[in-house]
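This report refers to the structure that appears directly beneath it.
The values are calculated or read from the model by the stated rules, or taken from the named source; none is laboratory data. On a predicted model such as this, the values are computed, not experimentally measured, just so you know. Don't worry about glycine lacking a Cβ; one is built from the backbone with ideal geometry, like all the others, and counts go over all protein chains shown. SASA here: full protein model, heavy atoms, side chains in, ligands and nucleic acids out. Shrake-Rupley method; radii C 1.70, N 1.55, O 1.52, S 1.80 Å.
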Amino acid sequence: TCAALALLGGSVAALGLWKWLGTKRIQKKMEEARRTRDEGLKKMAKAVQQFREQVPSVQTDAILSLPLLELTGRLQEGSLSPRTVLYTYLEKALEVTQQTNCLRHFIPECEEQLQEIERRKEKGLLYGIPVSIKDHIGHKGQLATCGLVQCLGTLMEEDSVLVKVLKRQGAIPFAMTNVPQSLFSYECSNPIFGQTLNPLNPQRSPGGSSGGEGALIAGGGSILGMGSDVGGSIRLPSSFCGLCGLKPTAQRLRWVLGLPPNPALLRGSVPCALGPMARDVDSLALCMKALLCQEMFQLDPSVPPIPFNEEVYSSSTPLRVGYYDTDGYFPLPPCMRRAVRETRHALQAAGHQLVPFSPPRIPYVMTELFMKTFFADGGRTWLDVFKGNIVDPGLKPQVNSCKMPRLVKKLLALLLKPLLKDVAMISTCRSVEEMWDHHHQVQVYRSQFISQWQELQLDVVLCPVLGPAFTMGYPRKLLAAISSTMLYNVLNFPAGVVPVSTVTEEDEEELKLYQGCCDDPWDRTLKQAVSGAVGMPVAVQCVALPWQEELCLRFMKEVETLSRDR
C-alpha cells in the first residue's frame, strides 16, 4: 500500500512538474515574441528619427489631416512624396501604439515597397498610401498569430493575394495590428501582445476582432486599414471607434493564405469576409475600386471578375430604404436606436422612401444558424486551438462553456436561460446528416430573407449596430449582443457602419430607464457596459443585397453626408 501511495504521489508530482515546464515554455515563447515586437518598434522609431533629421521641415499635422482622396491626389501629382507620407504615418503610429497597444508588429519591408513604387513608371490607385493590416492577413516574412502561441514559429512564405494587390496598386503595408486570441471575440486582447485600448477613451474597448485596426485608425496612426469580419469584426470596432467600415460579400475579395486551421475563420456556411476600415466612406470606395482589379481576378480565379461600378456609387437616384431599430432579440441602448430614428428622418427629408422592415426569427438565426456553425462539434475544434496556450481572460467564459458536458449545457440552457444566454446558444450537430441539414437551413433562411426584401421592393436597409463602446471587460460577458451584425454574416450581405452622432447627456438619462427585453441580469449587464459614454461615437448600419457593395457604399455615403449636414 505504501509503495502504491508513493508511486501515486510520484506520478502526481511528475505531472505537476511537466505542466509547470510546459507553462514556462509557453511563457518563454511569448516573451520572445514581445521582445521581437519591441525591437521592431525601436527600429521603426530610429528610422523615423533619421528621416526627421534629413527632412526637418515636414508639415506633419497638415499631412495627417488630409482625407484619403486628397492625399492620393497630392501623391499622384507629386506635391507630396511617398517617403514623406510613409514616415509621417510611421511616427504617428508609434505615438498611437504607445497610448493604445494597437500594433502587433512593424513591417520593415515597407522600405523595400517604398523603393519599388518610386522606381515604377505606372502609379496605382493607392500610390504611396501607407496601409495597416490585421494580424492574420498574410504578409511575406511576417507572422500571422491570431494571438496564439502555436503560430509564433511560422513566418509567411509569401504575401496573401490581398497584400499582393495592395502593393500592385502602389500601397505600402507598414504595420500589422493586434487581435483577440483566436479572433473569436469582440474585445481586443491576447496573452502574447496584451490588451488594446480605445484611443477615444482608454477605459473602453476598441471592439474586435479588428480592434487593433480600429484603435490605430481612430488614433490617426493609419489612413486605411484592412480587417476581417465573421460576426461583426470590422463593423464593431468601426462603431466603437467612430470609423467607417465595410464587410463585403465574403467572396468579393480574396482574403488570406497559409493560416493554421481556425474555426473563427474557416466556417463554410457563415464565411469570413475581408474589407476596409477608414475615416470616411470615400476611402472605403477607393480601396474597393483599387482591389477589384484585373490583378485580383488573375491571382485568384475564384473571385468573380466584377470590377467596381463607379456609376452605381456616384448615382443620386432616390432609394427605397427598409428600416428597423431593434431586431427583437437584443434591444440596444437608446442612443443607438436614436441614431436610426434621426437618420431615417434625414433620409426621408432628402427624398428617399422609407419602409418599415422586420428581420425574421433572429433568436433562431442566432442560436440555430450562427452559433451552430461555430460550435457544431460542441466547440471541440475551437478548444483545440488553445492546446499549448494560456487562455486569455476575455475568452474564459466561452472556453468554460465549451468544456461543459453536453447534458450539463442542456440543463443549464433549460434552467438558467435568462441568466446564461451564451451557454444556451452553444448547440451542436450530432451527426453528419444533421450538419447537412444545418447547411440547408442557412440557405433556406437566406432565401426567405431575400424574398421578404424583394416583396417590399427595397434597395437597401438601415438598421442599428452594437454600441457605444463597451467599458473594458464587458464584451466577454455579452457574446450574444452581436446579433445586429451577426445577421448579415449568416446572410452574406454587404454591410457597412457609419458614425452619425455621439452619446448625449439625454441619452444617458434615457439609459437609466432602459430595461431591455425583460430587465433581466443580461439586460442590466448591457446597461453597465455602455453607461458613462457621453461623447463616444454613435453609428448606424447600412445593408445591401449580395454583390451590391457599390450600392451599400453609395447608401453609406448618403448617410454620412446627411449626418454631417445636421
Looking only at the range 271-306, and only at residues there that are of a type in the set (Asp, Glu) and out of contact with any strand residue (DSSP E or B) (no Cβ under 8 Å at 6 or more places or on another chain), the one that is modelled with the highest pLDDT: Asp282
Restricting the range 91-119 to residues that are of a type in the set (D, E, K, R) and in a helix (DSSP H, G or I), the residue that is most open to solvent (accessible area, probe 1.4 Å): Arg119
Which numbered condition Arg37 fails, given (1) crowded, with 18+ Cβ neighbours inside 10 Å; (2) closer than 30 Å to Val281 by Cβ; (3) not aliphatic (A, V, I, L, M): (2)
Val355 being in contact (Cβ under 8 Å) with a residue 40 or more places away in the chain, assigned to a helix (DSSP H, G or I) and β-branched (Val, Ile, Thr): no
Subset of the range 353-405 (residues that are surrounded by fewer than 16 Cβ atoms within 10 Å (Cβ to Cβ) and of a type in the set (Gly, Ala, Ser)): Ser358, Gly388
Any chance Gly128 is open to solvent by less than 10 Å² (accessible area, probe 1.4 Å) and modelled with pLDDT of 95 or more: yes
Exclusive hit being in contact (Cβ under 8 Å) with a residue 24 or more places away in the chain, of a type in the set (Val, Ile, Thr), in a helix (DSSP H, G or I) and open to solvent by 30 Å² or more (accessible area, probe 1.4 Å), set Thr23, Thr88, Thr84: Thr23
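Residues are listed down the side, and each one gets a yes or a no for (1) under 30 Å from Thr381 (Cβ atoms); (2) free of Cβ contacts under 8 Å to residues at least 12 places away in the same chain; (3) open to solvent by less than 30 Å² (accessible area, probe 1.4 Å); (4) not in a loop (DSSP other than H, G, I, E, B):
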| site | (1), (2), (3), (4) |
| --- | --- |
| Gly275 | yes, no, yes, yes |
| Ser283 | no, no, yes, yes |
| Met288 | no, no, yes, yes |
| Phe297 | no, yes, yes, yes |
| Pro301 | yes, yes, no, no |
| Pro304 | yes, no, no, no |
| Val312 | no, no, no, yes |
The range 136-186, subset outside any loop (DSSP other than H, G, I, E, B) and among the polar types (S, T, N, Q), residue farthest from the chain's Cα centre (by Cα): Gln150
Looking only at the range 458-490, and only at residues there that are of a type in the set (Val, Ile, Thr) and crowded, with 24+ Cβ neighbours inside 10 Å, the one that is nearest to Ala533 (Cα to Cα): Val465
Residue in the range 448-465 that is modelled with pLDDT under 95 and part of a loop (DSSP other than H, G, I, E, B) present: no
Members of the range 55-78 found to be under 28 Å from the mean Cα position of the chain (by Cα) and buried (at least 16 other Cβ atoms within 10 Å of the Cβ), listed by number: Ile63, Leu64, Leu66, Leu68, Leu71, Thr72
